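One structure is given here, and the rest of the page talks about it.
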Amino acid sequence: MTDDRLRHRTHEWLPPEPDLERLKTLPGLDYLRELYLGDPRRVPIGQLMGFRPVRFDAGLALFEGFPDEFHYNPIGSVHGGFAATMLDSAMGCAVHTVCKVGQGYTTVEIKVNYIRPMTRATGRVSVEGRVVAAGNRIATADGKVTDEGGRLIAHGSTTCLIFPL
């Protein structure tokens with residue numbers, strides 16, 4: 001027995017093939033701009049979740065996403081993991097923009113505060129990640145998720161470990 005209310009979704013992405021040798025020769029900002037702004041399909045999680053990178057500058061990363069039904073939790077709003085994933089991406093990429101040649105990073109911890117719910121009706125959301133401080137081994141960043149009217153939906157912070165590649 002089939003349910004005619006059943007929805008289907010397909011997406012496409014390019015295989016995650018980071019050029020580790022190229023990564024070792026570029027500052028983080030240049031690497032992000034070259035690899036991810038050229039073709040957002042290179043970010044499989046973004047393709048799966050429905051968000052994409054928009055801009056990278058020193059200490060700044062901007063993403064946008066579109067909450068939809070497939071992000072819903074059982075109570076009829078977008079699962080908090082959507083905002084958390086976008087925040088982790090934006091804050092982490094903000095840290096990556098300040099990595100020097102031969103450096104990489106990984107998230108050590110992330111904290112998210114949810115201010116208001118998201119639904120499909122929310123429309124496009126913007127996520128901004130900004131570096132607060134960056135040292136040789138540790139960097140911190142803050143992030144915020146806003147709707148098209150500029151209303152705050154969620155905000156967060158992260159600590160990242162910077163390491164040699």
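Could you give the length gained by full extension between residue 11 and residue 109, i.e. 0.36 nm per residue of separation minus their alpha carbon distance, to one decimal place?
Stretched fully, the residue 11-residue 109 segment lengthens by 32.3 nm.
If the reach is capped at under 24 angstrom between alpha carbons, list the lysines near residue 144, excluding any in the same chain fewer than eight residues apart.
By straight Cα distance, residue 144 reaches 111.
If all Cα-Cα distances of the range 21-164 are sorted into 5 Å bins from 0 onward, what percent lands in each bin, rounded to whole numbers?
2, 11, 20, 23, 20, 13, 7, 4, 1, 0
Express in whole angstrom the spacing between the alpha-carbon centres of the range 1-40 and the range 138-154.
Centre-to-centre (Cα) distance: 22 Å.
Spin-label point model (7 Å from Cα, Cβ direction): what's the residue 21 to residue 121 distance in nm?
Distance between label points: 5.4 nm.
Would you list, by chain and number, the lysines whose Cα falls below 23 Å from the Cα of residue 100, excluding same-chain residues fewer than 8 positions away?
24
Tilt of helix 80-97 relative to the longest C-alpha principal axis of the chain, in degrees (0 to 90, nearest 10)?
Between the helix axis and the principal axis of the chain, the angle is about 20 degrees.
Please give the contour-minus-distance gain from residue 151 to residue 54: 0.36 nm per residue of separation, less the Cα-Cα distance, rounded to one decimal in nm.
So the extension gain works out to 33.0 nm.
For the chain, modelled as a GNM with alpha-carbon contacts under 10 angstrom, which of 39, 88, 142 fluctuates the most?
Result for the chain, Cα springs under 10 Å: 39 fluctuates most.
Where a number appears in this text, it was derived from the coordinates with a stated rule and is not lab data. Values in this document were obtained by computation on a predicted structure and should not be read as measured data. No Cβ is skipped: glycine too gets one built from the backbone with ideal geometry, and neighbour counts run over all protein chains shown.
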